[in-house]
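Below you'll find the structure, written out as structure tokens, and then a few comments.
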Amino acid sequence: MTEDARNSGRTRVTRRDLMRMVGGGAGYWLTRGTLGISLASAAPSDTLVTGFSFDIKTLDPGRQLENGSSHIGHATYDSLVTFDGADLTTPKPSLATGWKVSPDGKTLTFTLRRNVRFATGNPLTSADVKWSFDRVRYIKGNGAFLLNGVQDVLAPDPYSVVIQLDAPHPAILPILSSPVLGVLDSKVVTQNGGDASPDAKEKDKAEAYLNDHSAGSGPYILESQTRDQEIVLVKNPTHWRGAPSISRVVVRNIKEPATEELMLKRGDLEIAWGIGPDEARSLRQTPGVTVKTAPALNLLYVIMNNNPQVGGPFSNPKVQQAVRYALDYNGILALAGPGSVRLAGVIPTTLPGALPSSEAVKTDLDRAKQLLKDANPGDLKGQLSFSTGNVFYGVQFGIVAEKVQADLAKVGIQITLDGLPSSIALQKYRDAKDQLGIWAWAADYPDVSDYLVFVPGRTVGKRAGWPADASPDTQALADLATKAETEIDNAKRVSLYQQVNRKIAEIGPFAPMFQPVAPYAFRSTLRGVVLASTWFIDYTTVKKG
Amino acid sequence: MHLQTYILRRVLLLIPMLAGITVVSFVLSHAVPADPVTANVGEQAAADPAVVAAFRHRWGLDKPLYQQYLIYLWNLTHGDMGTSISTKQPVLLDLRQHLPATIELAIPAMAVGIAVGVPLGIVSAVNRAKAIDEVARVVSMAGVSLPVFWLGLMAMLVFYAQLGIAPSPGRLTASIVPPRFMTGFLLVDALVARRFDVIGDWSGHLVLPAIVLSLYGLSRITRVMRGSMLETLDEDFIRTARAKGLRRWHVIFRHAARNGLIPVVTIIGLSFGDLLSGAVVTETVFAWPGLGLYAFSSATSLDFPAIMGVGITVATVYIFVNLLVDIAYALFDPRVRVG
């Protein structure tokens, strides 16, 4: 009996049937795909899809550090003050309708907005503000340093908050805009393990809850977080400013800027940031997409080490100056992309105390060579350390390192490149072991005082082996910095910061290169899309056309 | 030895192997000249010793190393892989969320690799030096040489951005609400929740990354299949089969290919292991939240519990895949005796 005869009594799937099914399936997929794109890619009119490369490690405001976390925190929590749009110079009322500073600058009294409720329905009072701030101070998380210098937070009545400082600290006002200092619903968070007592660092267990639920009064409520994938926000209908016009925001984790570019072009993303100059250039030529830039509160600089045992020849001030004259700043700016700005000191241009770019050191190879001859340091060899894993606003650190190497070779300085994985590079830098390094300083908050880290004896100064007591000059600079950060008169303050900035540029072991610009892109049918470097996009201003 | 006894013995060997993996992972991750404090605590925050101390205490990093290891091992035997320093979730939950995404991609990629690679290798060998052979050799050479990052971006540029026949990167379209998380496998979770819209969308999103991911394995399979077939076709028994007057394709498939497949099975096993360990580059380009992305971010942030968790998972995957390969050998080749 043949096989066919044996099988004829049973139903069986013939090869032809199989082909039909496969063909039908493939056909369905293809047509669904082609038709589906034009239908499904435009998100429903009340949903907004945005994307960036997540650096989010927690959505617990008190423990946040990253800008990505601030982005979500700004949508889900309100702070006492805020900034409008991209103007990060004038704090505006938010939960606080007004504030007074005492004549000695050490006491701030805030009047709270009335009739504000959390998304849970609980009323927001000064007790919640005090609780939230105490929690930040006592859990000793990444955000605790923002309240350095705060002696106490008082809630004398339900609509007043008093902040007592150790010393005058004008930066406290812009600091209070940070989503880290967003106000939490103390009842709900306490019920879920929250603690704001001095033992909070042991007792507080609310992070797990706050990673899946927001407990704020902000315009949006956290609906869900899928790690490494997306965060979904839904509008808070009872927000005191009124419900936002976009009901639902899906924030997607898109790690690759080229992917962001393609998705924007197809309309699968409506707003994207973290793109580099290459993507921005391509998107500018795409109909239906608008590209803008926002000044970034960041700078890229070369650090050298003043400690002779680490810095070697680069601990010599004349050699440091020679390095500053040897760099080809025009070439470096070309790498950075259009919109990036040459910096004369370490303070970014949008902050008071910044110096005009015209004051910046200009490339002068002859002067550099002369300085090197005068310094007579012997073997002009050095190691330039940097992180290979990081991309700085579209520019790879490695590319900048190669440029610096080439520039310094022109004056006879031989540089070997020391590219390391990010955490190892960062460790070496923090341990003050970089002979030369390429690093950035992103502002922790939108105030010039954050850039005092470059002062001798402070955070970055230490990394450069530059203590305050190194010389009378450095001590004078350190004292000037303290004066600047406690000065409450605005005009005097600006002048003091300019002096500090000039001195750092003159005697500091740094070569500031540029302040980058942050390009961002969105579908042209959207209105009100503005990027602020502190928290990226504020969804309450965005409207669909 | 009986096959079942062999399997049981291999599975039991898993335990000492995993113990060894934990030691190696622990030692290597702690040998890195960087501190998790550096990778997880901000610069300004780290200037406060109280913050650093609180961080270390929270994650058990203030204990001596051997104690940290023993605590980890003790918890592991109770099914607790610790809490991830980055995601703040239990590592086991992180793996349950990330691994299915990788498996969902690995299985179709492997299927394409086998379905295309094996026949291509056979056809290539049989038509040696003819046009099809040259084409297959160029394609497989390209597949192992071209960087997957570039291939992925090019595929997206052509099929997604320009032609519009592939859907957007990611597991699902953003406007679709995913089904409730149960197994992490979107197909299963969608079926349970009767969300048939999700199934259609999910399958569309799978195609391009799976094809891109399959290319490397496909190329390896083609090359090994071709080489193995060429060797087999020269064997005496093939000449005998032809001499007996058997039809050409009967000789090729029933006789030559079955023998030629044996070394290919090893390659298939290795490729599958590679795919299941997560392809961080493909996942980056296609915004696919799988194990590769998780492994990469835990390595860069010195997230020890996550690193250990990934190490154990990947090791287990390879051990099982190797076991399957050995069983496949025993099934394919009657001369092979296990044990």
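The values are calculated or read from the model by the stated rules, or taken from the named source; none is laboratory data. Every value quoted in this text rests on a predicted model; they were computed, and no experiment measured them. Here the Cβ is made from the backbone with ideal geometry for all residues, glycine too, and neighbour counts use every protein chain on show.
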Next item on the list: Answer yes or no: is there a residue in segment A:141-150 that is more than 14 Å from chain B (Cβ to nearest Cβ), under 24 Å from the mean Cα position of the chain (by Cα) and of a type in the set (S, T, N, Q).
Entry: no
Notebook entry, point to check: Under the condition of being farther than 23 Å from A:D212 by Cα and touching a helix residue (DSSP H, G or I) at 6+ places or on another chain (Cβ under 9 Å), which residue from segment B:181-197 is surrounded by the most Cβ atoms within 10 Å (Cβ to Cβ)?
Noted result: B:R195
Notebook entry, point to check: From the list B:L157, B:L172, which one is within 10 Å of chain A (Cβ to nearest Cβ), over 22 Å from B:G200 (Cα atoms) and free of Cβ contacts under 8 Å to residues at least 60 places away in the same chain?
Noted result: B:L157
Next item on the list: Go through segment A:407-422 and give me each residue that's touching a strand residue (DSSP E or B) at 6+ places or on another chain (Cβ under 8 Å) and not in a strand (DSSP E or B).
Entry: A:L408, A:A409, A:I413, A:P421, A:S422
Margin query: I need the helices (runs of 4 or more DSSP H) fully contained in segment B:71-158, keeping only those with at least 3 residues that are closer than 13 Å to B:S219 by Cβ.
Written below: B:91-126, B:131-145
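Tally the residues that are among the acidic types (D, E), within 19 Å of A:G143 (Cβ to Cβ) and away from every other protein chain (no Cβ under 14 Å), restricting the search to segment A:56-97. Write out each step before concluding.
Initial filter on segment A:56-97 (among the acidic types (D, E)): A:60, A:66, A:78, A:84, A:87.
Adding the requirement that they be within 19 Å of A:G143 (Cβ to Cβ) leaves A:60, A:66, A:78.
Still in the list and also away from every other protein chain (no Cβ under 14 Å): A:78.
Selection size over segment A:56-97: 1.
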Notebook entry, point to check: Is it the case that some residue within segment B:120-132 is under 22 Å from the mean Cα position of the chain (by Cα), among the hydrophobic types (A, V, I, L, M, F, W, C) and surrounded by fewer than 19 Cβ atoms within 10 Å (Cβ to Cβ)?
Noted result: no
Check: Among the candidates B:L191, B:L213, B:L218, B:L187, which residue alone is away from every other protein chain (no Cβ under 13 Å), more than 23 Å from the chain's Cα centre (by Cα) and part of a helix (DSSP H, G or I)?
Finding: B:L191
Next item on the list: Could you please find all residues in segment A:175-211 being of a type in the set (D, E, K, R) and in contact (Cβ under 8 Å) with a residue 40 or more places away in the chain?
Entry: A:D185, A:K187, A:D195, A:D199, A:K201, A:D204, A:E207
Margin query: If A:Q515 meets every condition in (1) out of contact with any Pro (no Cβ under 7 Å at 6 or more places or on another chain); (2) more than 30 Å from A:G105 (Cα to Cα) apart from one, which number is that one?
Written below: (1)
Check: Of these, A:A491, A:A442, A:A481, A:A425, which one is surrounded by fewer than 21 Cβ atoms within 10 Å (Cβ to Cβ), part of a helix (DSSP H, G or I) and of a type in the set (G, A, S)?
Finding: A:A491
Notebook entry, point to check: Can you spot a residue in segment B:224-231 that is buried (at least 23 other Cβ atoms within 10 Å of the Cβ), closer than 16 Å to B:M110 by Cβ and more than 14 Å from every other protein chain (Cβ to nearest Cβ)?
Noted result: yes
Check: Of the numbered conditions (1) farther than 27 Å from A:V448 by Cβ; (2) in contact (Cβ under 8 Å) with a residue 24 or more places away in the chain, A:T350 satisfies every one except a single condition; which is it?
Finding: (1)
Checklist line | Meets criteria (modelled with pLDDT of 90 or more and either more than 12 Å from every other protein chain (Cβ to nearest Cβ) or in contact with a strand residue (DSSP E or B) (Cβ under 7 Å, 6 or more places away or on another chain) (or both)) for B:I262 | finding: no
Notebook entry, point to check: Can you tell me which residue in segment B:23-77 is surrounded by the most Cβ atoms within 10 Å (Cβ to Cβ), limited to those that are of a type in the set (S, T, N, Q) and more than 13 Å from chain A (Cβ to nearest Cβ)?
Noted result: B:S25
Next item on the list: Please tell me if A:A322 is in contact (Cβ under 8 Å) with a residue 24 or more places away in the chain, farther than 26 Å from A:Q370 by Cβ and of a type in the set (A, V, I, L, M).
Entry: no
Checklist line | Members of segment A:226-246 found to be in contact (Cβ under 8 Å) with a residue 24 or more places away in the chain and within 12 Å of another protein chain (Cβ to nearest Cβ), listed by number | finding: A:D228, A:Q229, A:I231
Next item on the list: Give segment A:183-220 a look and list any residue that's of a type outside the set (A, V, I, L, M), part of a loop (DSSP other than H, G, I, E, B) and more than 25 Å from the chain's Cα centre (by Cα), or say none.
Entry: A:D185, A:N192, A:G193, A:G194, A:D195, A:S197, A:P198, A:D199, A:D204, A:K205
Notebook entry, point to check: Which numbered condition trips up A:S358, out of (1) buried (at least 16 other Cβ atoms within 10 Å of the Cβ); (2) among the polar types (S, T, N, Q); (3) farther than 30 Å from A:T259 by Cα?
Noted result: (1)
